[in-house]
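The values are calculated or read from the model by the stated rules, or taken from the named source; none is laboratory data. The structure presented is a predicted model; accordingly, all values stated were derived computationally and were not measured. Note: ideal-geometry Cβ built from the backbone for every residue, glycine included; neighbour counts use all protein chains shown. Side chains included, ligands, DNA and RNA excluded: accessible areas come from the protein's heavy atoms. Shrake-Rupley method; radii C 1.70, N 1.55, O 1.52, S 1.80 Å.
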Amino acid sequence: MSLNRKIAIVTGGTSGLGLAIARELASNGATVIITSRKKSKLKKACRSDDMNFYGFQLDVSKNNSIIKFIENISEKF
């Protein structure tokens with residue numbers, strides 16, 4: 001199934017099942033945004049050969065982090 005022109009946001013997408021789902025979505029053409037509280041996890045999960053795979057910091061327990069995340073993805077996409 002082609003997911004071209006679709007954007008998917010995967011929280012918990014830096015490891016395990018979340019990362020596997022994110023990579024599968026990307027391999028089917030979706031633009032994938034993964035989130036993490038830690039930049040180091042994002043850098044490890046986002047490979048340079050995944051042109052439609054993006055990482056953004058997000059801590060869902062903090063309102064200011066959620067607002068900043070929304071601003072960042074709104075600017076990018």
### Task
Search the structure for amide H atoms under 5 Å from the amide H of I34, placed 1.01 Å from N in the peptide plane, and list their residues when 5 or more places away or on another chain.
V10, Y54, G55, F56
### Query
About its Cα centre, what dipole magnitude does segment 12-77 give when the only charges are +1 on Lys and Arg Cβ and -1 on Asp and Glu Cβ, stated in debye to the nearest 20?
360
### Task
Using only Cα positions of the chain, each an equal point scatterer, no hydration layer, compute I(q)/I(0) via Debye at q = 0.17, 0.19, 0.25 Å⁻¹ and quote the log10 values to two decimals.
-0.60, -0.75, -1.20
### C-alpha long axis of helix 63-76 to longest principal axis of the chain, angle in °
40
### Message
Counting heavy atoms of the protein chains only and a 1.4 Å probe, report the per residue accessible area for the chain as a whole number of Å².
### Response
70
### Task
Compute the distance in nm between two label points, each set 7 Å from the Cα along the Cα-to-Cβ direction, one at F77 and one at N28.
1.6
## Note on the structure
Expressed in nanometres to one decimal, the distance between label points 7 Å along Cα→Cβ at R5 and K38 is 3.9
### Query
In what sequence, highest mean first, do 17-23, 3-9 appear when ranked by Cβ atoms within 10 angstrom?
17-23, 3-9
### Query
Relative to the first principal axis of the alpha-carbon coordinates of the chain, what is the inclination of helix 16-27, with its axis defined by its Cα atoms, in degrees from 0 to 90 and to the nearest 10?
50
### Query
Tell me, what ³J(HN,Hα) does each residue in segment 41-46 have, in order and in whole Hz, if you take phi through Karplus 6.51 cos²θ - 1.76 cosθ + 1.60 with θ = phi - 60° and put x for Gly and Pro?
5, 5, 4, 5, 6, 8
### Query
Got a number for carbon plus sulfur as a percent of the chain's accessible area, 1.4 Å probe?
52
